[in-house]
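Please read the structure below before turning to the comments.
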Amino acid sequence: MATVNTISPITSNVQAAITAANSTQASSNIGSAVDSKTIAGNFNTFLQLLTTQLKNQNPLDPLDTNQFTQQLVQFAQVEQQIKQNQQLETLISIEKSAQATTALAFVGSTVAIDGQTAGLANGKATWTFNVPKPVSAAVTIKSATGQTVYSGSFSMNPGNQAFQWDGRDANGTQWPDGKYTISITGKDTSGQSVAIPSEIEGVVDSVDLTKTPPELQIGGQTFTLDKIKRVVRQRV
């Protein structure tokens, strides 16, 4: 039996150092802290070599100032990129922490998620239909093996309609707990087909924080936070 209920809605050394620093940024296996230490050490070495060269340069053949100026600029650019990466890592860390906190808040809550497959447990399986207009709807429920276990026709009003199945077929036989898939076809008063999306409801049993984004376990199925449409108050 099923029921429907309405619910509320130095040059070479310097160049090598710069190349190495750029390469390090592209690698996700080396932390930004190591990058900063490396570029700082290379930059200090470069300044020491530059100072030594300036002290011992030939007055008749001085160093090309354009050359070491370009190298200074390159070091500054690489250092700026590393700092930007560090800031991005901080933002990502904050976002992950926020996602984890949000996900944990759902544990124990009943939520609605787009879907057609719900779990039958203790003689109860629940779906929600978003009905756009008054319709005559034909509902069919099938088992995990594709066998039709229930079918019925209902008149539905616009809005969110809660549909509950007690796990019994037309002969009154009680089907075992498990996964069951529902399908619904609707027609309006003029006989035109009306699409009726379905949602499933379930309690968030746990959250896997090792995944990015965190994954919610709902009735033996896995969903991400963006799949949740609303939180549903338990109906007595």
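No lab work stands behind these numbers, since they all come straight from the coordinates. Being a predicted model, the structure only gives us computed values, none of them experimental. No Cβ is skipped: glycine too gets one built from the backbone with ideal geometry, and neighbour counts run over all protein chains shown.
Residues of the stretch 63-115 that are within 16 Å of Leu47 (Cα to Cα) and part of a loop (DSSP other than H, G, I, E, B): Leu63, Asp64. In the set Ser155, Ser151, only one residue is part of a strand (DSSP E or B) and exposed (fewer than 13 other Cβ atoms within 10 Å of the Cβ); that residue is Ser155.
Out of the residues in the stretch 97-142 that are surrounded by 17 or more Cβ atoms within 10 Å (Cβ to Cβ) and among the small types (Gly, Ala, Ser), state the one that is farthest from the chain's Cα centre (by Cα). The extreme case among them is Ala137.
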